[in-house]
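**Q** A single structure is presented below for examination.
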């Protein structure tokens, strides 16, 4: 949670600002004297300082001048009354980030802060009305300890939203622990959730805390909770109801205090009717349901998301990527059935293999490398389709990277394709520090395919090190 320092000799004003900051999701400290504040800024790394202009012994300008002299360049908002606009201008010259005039409302203060500090929800792109509404809901639900059930198709960003709720909550300075219920076998999932005592079963050589205890006082994310077996659902229900867990092999219950956020890509109510999910657990988790819209229903977000991912990749790879008009046209033509995750992975693959900083419309060679991305790809046509059900289109890029309809790619460069595929695999493994599972996820293929390609292209560990 971001820390804000309030410097104001008026106790009532300082308290009002402190309460306003709390509503914005910030923790704050109050100093009634600038001298005291100077000591605080030396001890604590504040994200923002809000100081009054008129204070005895040392005014806001002198305080600002002093912290800048000490090499502290934390953003500063100066609060000034009517008739002291000249002082506000002076403050800006001294390096104040912004100022606000008395009297001011909570909303005006919030707007100034939002201009200065990057949002805790920076990974969420919200341009469409659906996402703007979702962000409002997230900020409100974050203020309470209510259990949240996030539902939506795979790749819609459920875990990102869960983290946004956590970061804006009163538990933001406590642990955030995530458990993917679909990624762990049933025999191991119980131990992951509840932990075990030493000697509880064969191989339990030490006592181990489960996710519930690791998340104590914080937030526990149960990702894809619908994949949990019915017997284990009963134990989860008891833990949520009783606020205590039983370690495997334990003799007594362990009290826990966690906020639960669960996600699913299934219709849980339908799963209940089919007998695959407990009805009582469903109602325990579905206290505050939030459904995330698929990307095809919020098309206004596609290009801002693309720009966001390109900017992130540019920073990560040290390359100043730009988008050609053809690339933009292509991006907007796709249905993105894999949602945000598919879009991000596609941009990643394109950037990794791109010989230029300008990302162009996919050529025939790139198409051949991206057959793993099944959504929108027509192997028989050798080109991507339009993403519109029942309407297949093929494209060709012109010299500006602008796709043209009703034309297919031509030319056989199989040798170069293999070289490019080899480089793609090497670069992806380099990005994932040799993690084949993560590389497979990014490329949209299985781990077995990665292993087979490494063998096929004779990619050695030494070569990966040399290329890194």
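**Q** From the list 266, 284, 319, pick out the single residue that is out of contact with any helix residue (DSSP H, G or I) (no Cβ under 7 Å at 6 or more places or on another chain) and surrounded by fewer than 20 Cβ atoms within 10 Å (Cβ to Cβ).
**A** Sole residue among the options that is out of contact with any helix residue (DSSP H, G or I) (no Cβ under 7 Å at 6 or more places or on another chain) and surrounded by fewer than 20 Cβ atoms within 10 Å (Cβ to Cβ): 319.
**Q** Taking segment 182-221, which residues are closer than 26 Å to residue 267 by Cβ, assigned to a loop (DSSP other than H, G, I, E, B) and in contact with a helix residue (DSSP H, G or I) (Cβ under 7 Å, 6 or more places away or on another chain)?
**A** 182, 184
**Q** Look through segment 7-26, keep the residues that are closer than 25 Å to residue 166 by Cβ and surrounded by fewer than 16 Cβ atoms within 10 Å (Cβ to Cβ), and return whichever of them is farthest from the chain's Cα centre (by Cα).
**A** 19
**Q** Where in segment 222-311 are there helices (runs of 4 or more DSSP H), lying wholly inside it, with at least 2 residues that are touching a strand residue (DSSP E or B) at 6+ places or on another chain (Cβ under 7 Å) and over 30 Å from residue 350 (Cβ atoms)?
**A** Of the helices (runs of 4 or more DSSP H) lying wholly inside segment 222-311, those with at least 2 residues that are touching a strand residue (DSSP E or B) at 6+ places or on another chain (Cβ under 7 Å) and over 30 Å from residue 350 (Cβ atoms) span 230-242.
**Q** Please determine whether any residue of segment 294-304 is more than 22 Å from residue 341 (Cβ to Cβ) and either touching a residue at least 24 places away in the same chain (Cβ under 8 Å) or assigned by TED's automatic domain parsing to the domain that holds residue 149 (or both).
**A** So far as segment 294-304 goes, no, none of its residues is more than 22 Å from residue 341 (Cβ to Cβ) and either touching a residue at least 24 places away in the same chain (Cβ under 8 Å) or assigned by TED's automatic domain parsing to the domain that holds residue 149 (or both).
**Q** Just to be sure, is residue 276 surrounded by fewer than 19 Cβ atoms within 10 Å (Cβ to Cβ), touching a helix residue (DSSP H, G or I) at 6+ places or on another chain (Cβ under 6 Å), outside the structural domain of residue 442 (by TED's automatic domain parsing) and touching a residue at least 40 places away in the same chain (Cβ under 8 Å)?
**A** So residue 276 fails the test.
**Q** Give me the pairs, please: first residue somewhere in segment 426-437 and outside the structural domain of residue 456 (by TED's automatic domain parsing), second residue anywhere and part of a helix (DSSP H, G or I), beta-carbon distance under 6 Å, and either six or more positions apart or on two chains.
**A** Cβ pairs passing all conditions: none.
**Q** Would you call residue 37 buried (at least 16 other Cβ atoms within 10 Å of the Cβ), touching a helix residue (DSSP H, G or I) at 6+ places or on another chain (Cβ under 8 Å) and part of a helix (DSSP H, G or I)?
**A** It is true that residue 37 is buried (at least 16 other Cβ atoms within 10 Å of the Cβ), touching a helix residue (DSSP H, G or I) at 6+ places or on another chain (Cβ under 8 Å) and part of a helix (DSSP H, G or I).
**Q** Taking the options 72, 67, 49, name whichever one is closer than 16 Å to residue 8 by Cβ and outside any helix (DSSP H, G or I).
**A** 49
**Q** Restricting to segment 287-304, name every residue that is surrounded by fewer than 17 Cβ atoms within 10 Å (Cβ to Cβ) and in contact with a helix residue (DSSP H, G or I) (Cβ under 6 Å, 6 or more places away or on another chain).
**A** 288 - this is the single residue of segment 287-304 that is surrounded by fewer than 17 Cβ atoms within 10 Å (Cβ to Cβ) and in contact with a helix residue (DSSP H, G or I) (Cβ under 6 Å, 6 or more places away or on another chain).
**Q** On to the next question. Residue 169: at pLDDT below 95 and either closer than 24 Å to residue 143 by Cβ or surrounded by 20 or more Cβ atoms within 10 Å (Cβ to Cβ) (or both), yes or no?
**A** Spelling it out, residue 169 is indeed at pLDDT below 95 and either closer than 24 Å to residue 143 by Cβ or surrounded by 20 or more Cβ atoms within 10 Å (Cβ to Cβ) (or both).
The values are calculated or read from the model by the stated rules, or taken from the named source; none is laboratory data. Please read these numbers as outputs of a predicted model, since none were measured by experiment. Counting neighbours? That spans all protein chains shown, and the Cβs are built from the backbone with ideal geometry, glycine included.
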